[in-house]
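The structure appears below as structure tokens.
The values are calculated or read from the model by the stated rules, or taken from the named source; none is laboratory data. Remember, it's a predicted structure, so these values are computed and weren't measured experimentally. Using ideal geometry, Cβ is built from the backbone for each residue, glycine included, and neighbour counts are taken over all protein chains shown.
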Amino acid sequence: MKGEHSIRWLCQLWEVAPSGYYRWRQHRPGPRQREDAALAAQIASAHEGSRGTYGAPRIVAELREAGTRTSKRRCTRLMRAQGLCGRKKHRRHPRTTDSRHIQPVAANLIAQRPAPTGPNQAWMTDITYLRTAEGWLFLAAILDVWSRRVVGWACAVTLHTSLVLAALHTALQQRRPAKGLLHHSDRGSQYVDADYVATLAAAGIERSMSRAGNCYDNAAMESFWSTFKSDTGLDESIPASRRHAELAVFDYIETFYNPTRRHSSLGYLSPVVFEKQHTLNDIKAA
């Protein structure tokens, strides 16, 4: 069209000042701006793939794994320009522990031992609750301290020992740990129940319990609960039913957290990838 008509005529047709048109031509995006635009699209895609949970550090790790190198500062700037941000954690500590019992408790062994160097050396476990439109749903989970992988979990409508036993049986079936594994929990009545203690003993698992009133001894689990509720939005939203809540738990743990979600303490690898990398390194070393 520009070859058939003058610039002035075209500007009059579109009600644009000729001076404005020439300024626009002179200020076309430069190489850096074009790079930013391409990088911003990659950032938006990675953020969407993380279910809107990743901040700049995890986005940078995601891009680098895909072959795109960038800095945290640049990533933060481009995320802010698009209105993107990581999911913020709301730290809430529901009371699911009833330690008002007379059963003997185990010593706090996990604080006395060095950090685990491989899988199935130390597990942590805890219970949290989820609010639903039908009422409370309780969730028990077991975490491998070394890889931060959820190795067993279960949901129930009560805090009966059967809840934590179901999570334990799942973990034992999936992991089949060697004797000598250390199992750490708080002093809740479920974890001193005779059936639970007997199950641990039969599997050759050693017990460890937090000090009275000290949540920091179970810090890895507290961190997981905070991440879980923040990422899923279950700290604010209320599922329509317990079934909906349980499906959300399954979806998060089995299809996102374990296989995909990057963990800062694992060098921004997911728990599954971290464990696989460890296995490959062992094979190479052998």
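Some notes on this structure:
- Cβ-Cβ under 8 Å pairs, at least 6 apart or on other chains, the range 29-56 side touching a residue at least 24 places away in the same chain (Cβ under 8 Å) and within 24 Å of HIS263 (Cβ to Cβ), far side aromatic (Phe, Trp, Tyr) and part of a helix (DSSP H, G or I): ARG51/PHE256
- Applying the criterion of at least 3 residues that are at pLDDT 90 or above, closer than 15 Å to LEU130 by Cα and not small (Gly, Ala, Ser) to the helices (runs of 4 or more DSSP H) found wholly in the range 183-286 leaves 219-232, 242-252.
- Only residues that are free of Cβ contacts under 8 Å to residues at least 40 places away in the same chain and not polar (S, T, N, Q) were counted across the range 61-89, and they come to 16.
Conditions tested, residue by residue: (1) under 18 Å from the mean Cα position of the chain (by Cα); (2) among the β-branched types (Val, Ile, Thr); (3) closer than 24 Å to LEU182 by Cα.
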site	(1), (2), (3)
TRP225	yes, no, yes
SER230	yes, no, no
ALA245	yes, no, no
ALA248	yes, no, no
TYR252	yes, no, no
THR255	yes, yes, no
ASN258	yes, no, yes
LYS284	no, no, no
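- Any pair with Cβ under 8 angstrom, 6 or more apart, that starts in the range 161-177 at a residue that is within 13 Å of TRP123 (Cα to Cα) and ends at one that is modelled with pLDDT of 95 or more and part of a loop (DSSP other than H, G, I, E, B): LEU172/ALA203; ARG175/PRO119; ARG175/ASN120; PRO177/ASN120; PRO177/ALA203; PRO177/ILE205
- Looking only at the range 229-247, residues that are touching a residue at least 40 places away in the same chain (Cβ under 8 Å), touching a helix residue (DSSP H, G or I) at 6+ places or on another chain (Cβ under 7 Å) and within 27 Å of LEU63 (Cα to Cα) come to 1 in all.
- ALA201 meets the conditions (1) of a type outside the set (Lys, Arg); (2) in contact (Cβ under 8 Å) with a residue 40 or more places away in the chain; (3) more than 29 Å from VAL273 (Cβ to Cβ) in every case but one. The failed one is (2).
- Subset of the range 102-140 (residues that are over 28 Å from ASP282 (Cα atoms), among the small types (Gly, Ala, Ser) and part of a strand (DSSP E or B)): GLY135, ALA140
- Residue selected from the range 43-87 under the condition assigned to a loop (DSSP other than H, G, I, E, B) and of a type in the set (Val, Ile, Thr), by the criterion surrounded by the fewest Cβ atoms within 10 Å (Cβ to Cβ): THR68
- Evaluation of HIS93 against (1) of a type outside the set (A, V, I, L, M); (2) surrounded by 11 or more Cβ atoms within 10 Å (Cβ to Cβ); (3) more than 19 Å from the chain's Cα centre (by Cα); (4) at pLDDT below 80 (one fails), failing number: (3)
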